[in-house]
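Structure, as structure tokens:
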Amino acid sequence: MKKYRVGVVGYGWVASAHIPAINDSGRAQVTAVCSARKLDPAEVNAAHGGGITVYNDVNKMLKDPDIDVISICSMPSLHAKQFIAAAKAGKHIIVEKPLAMSQKDVSAMEAAAKKYKVKTCVCFECRWSSQFLTTRAMIDQGLLGSIHYGEVDYYHGIGPWYGQFRWNVRKKDGGSSLLTAGCHAMDALLHCMGSEVTEVTSYDTKSKSSIFKPYEYTTSSVSILKFKNGAIGKCSAIVDCLQPYYFHTHLVGSEGSLLDNKFHSMKLGGLDKSKWSETSMKMLDSGDVSDHPYTTQFQAFFDALDKGKEMSLTSIKEAAYSHKVMFAADKSAASGGKPVKVS
């Protein structure tokens, strides 16, 4: 069984989660790191068990014929250029969210992956969490019936105490409350609803707390979605809250409902509908990248590479669609809440 050699672009906070997750998968090994900062190769190798070549130039790293996969952990505004260059070099690609900061760039990335026939893994890793693997299984087994309403909301105060705050406050790399972090909630909502979006209406605002004053964009938004099958949904993206992290999930269907880790289903005879039943799934209750299910996701990606197939759940196809809906939502918010059609 092939062991894939991976080059990591960007040596910051997210890379600190990608590198051990890739190595722990048992299917791949990080053999190169590229950073705009001057790194001490000895320190990098000591931190990750050795065997790592350090680069300061992405293009030089992409010329290494021994590298099979590139993991892009750089600033979001750099993703599109680096992704397209990696695709041209024939490297399979892992890329952090958001994919890019514009619909034009996302479309170019999707086209490059197709043109150069490389496989992709986009870090909407929440789809691979215990919470959403279980939730999706309950949906697929019909325990909730036909879902006509869903809401998935992201509450995470990203202030000075948080790793990405220093660059996250800038419009260039943060983008919006949806793009910077709420994208996980929007992607999860689309994953659960199982229908295309036809229209989105969104409003945004910003906390008056001095803590969040450095942000160059609004840091709270709420989006209402209409789906092709007649269902409706809501997604709030709140990155200026002062509270514990909360990934709120509520799905309502013709046979039952799910609320976070609780559910009720008419398909299971004998349940007391005055009380919730509880599952044992591990919840998404932290924004710390070290708590995210990267290893599970990356194992699935390397397994798909073995078969020469696109990975399930989080290839660029699914991720590009989620971004399309988010860009439409941000367009609606920028217009003061005018509905935007999603073709």
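The values are calculated or read from the model by the stated rules, or taken from the named source; none is laboratory data. Since we're looking at a predicted model, the values are computed, not measured. Neighbour counts are summed over all protein chains in view; Cβ atoms, including those assigned to glycine, are modelled from backbone coordinates with ideal geometry.
Summary of computed values
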read-out: Within segment 282-334, tally of residues that are over 23 Å from Thr180 (Cα atoms) and modelled with pLDDT under 95; value: 1
read-out: Residue within segment 192-200 that is within 30 Å of Gly142 (Cβ to Cβ), among the charged types (D, E, K, R) and in a loop (DSSP other than H, G, I, E, B) present; value: yes
read-out: Residues of segment 15-37 satisfying the condition of being part of a loop (DSSP other than H, G, I, E, B) and buried (at least 17 other Cβ atoms within 10 Å of the Cβ); value: Ser25, Arg27, Ser35
read-out: Single residue of segment 52-66 satisfying the filter (without any contact (Cβ under 8 Å) to a residue 40 or more places away in the chain and in a loop (DSSP other than H, G, I, E, B)) that is surrounded by the most Cβ atoms within 10 Å (Cβ to Cβ); value: Ile52
read-out: Segment 24-37 residues that are farther than 15 Å from Val9 by Cβ, paired with ones that are small (Gly, Ala, Ser) and at pLDDT 95 or above (beta carbon under 8 Å, 6 or more apart); value: Gln29/Gly51
read-out: Candidates Tyr294, Tyr245, Tyr203 - the one that is over 26 Å from His148 (Cβ atoms), in contact with a helix residue (DSSP H, G or I) (Cβ under 7 Å, 6 or more places away or on another chain) and among the aromatic types (Phe, Trp, Tyr); value: Tyr294
read-out: Residues (among the basic types (Lys, Arg) and over 16 Å from Gly157 (Cα atoms)) located in segment 213-267; value: Lys226, Lys228, Lys234, Lys262, Lys267
read-out: Val14 being under 26 Å from Phe327 (Cβ atoms), modelled with pLDDT under 95 and among the aliphatic types (A, V, I, L, M); value: yes
read-out: Qualifying residue in segment 305-325 (condition: in contact with a strand residue (DSSP E or B) (Cβ under 6 Å, 6 or more places away or on another chain), among the hydroxyl-bearing types (Ser, Thr, Tyr) and either without any contact (Cβ under 8 Å) to a residue 24 or more places away in the chain or farther than 30 Å from Lys213 by Cβ (or both)); value: yes
read-out: In segment 137-163, the residues that are over 18 Å from Ser210 (Cα atoms), in a loop (DSSP other than H, G, I, E, B) and within 18 Å of the chain's Cα centre (by Cα); value: Gly163
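So that you can scan it fast, the table gives a plain yes or no per residue for (1) assigned to a loop (DSSP other than H, G, I, E, B); (2) aliphatic (A, V, I, L, M):
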{"position": "Trp13", "(1), (2)": "yes, no"}
{"position": "Gly50", "(1), (2)": "yes, no"}
{"position": "Ser77", "(1), (2)": "no, no"}
{"position": "Ala86", "(1), (2)": "no, yes"}
